Amino acid sequence: MPGGSVECRLDNASDLVSVLAALTLREKDQKNQSVVCVASGNGLKFTAQSSGKDVAVLGWIFKDAFAEYSFHSSNDEDLVLKLPVAPLLSCLTIFTE
């Protein structure tokens, strides 16, 4: 069974907010938009696609940007998460000040 975990901590959420805000596409379904987050030993990679899949936007936060970063995989595979952008940005902006 595949398995893995990632634990990371930023001193300030503003860098993550900036990356996620840059990935936000200007579409009518913006509130339902999600990003794919791929965690690896190098850091986090975020990918957003338009609903027509004609545009893809990528963003990285490398592990050195985190105050703490730990990635573990039982089979040397990356960990893939699908995250809702709007609620995540709303929560993170609370911690950017």
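Among the strands (runs of 3 or more DSSP E) contained in region 3-70, which hold 1 or more residues that are in contact with a strand residue (DSSP E or B) (Cβ under 6 Å, 6 or more places away or on another chain) and either among the aromatic types (Phe, Trp, Tyr) or within 13 Å of LEU88 (Cβ to Cβ) (or both)? Quick ask: steps written out before the conclusion?
On the way: elements: 4-9, 34-40, 43-49, 56-62.
So the answer is 34-40, 43-49, 56-62.
What number of residues in region 33-68 are touching a Leu at 6+ places or on another chain (Cβ under 9 Å) and under 15 Å from VAL19 (Cβ atoms)?
Residues meeting the conditions: 21.
Quick one: how many residues across region 10-58 are modelled with pLDDT under 85, surrounded by 13 or more Cβ atoms within 10 Å (Cβ to Cβ) and not aliphatic (A, V, I, L, M)?
Number satisfying all stated conditions: 5.
The values are calculated or read from the model by the stated rules, or taken from the named source; none is laboratory data. From a predicted model like this one, the values you see are computed outputs, not experimental measurements. Here the Cβ is made from the backbone with ideal geometry for all residues, glycine too, and neighbour counts use every protein chain on show.
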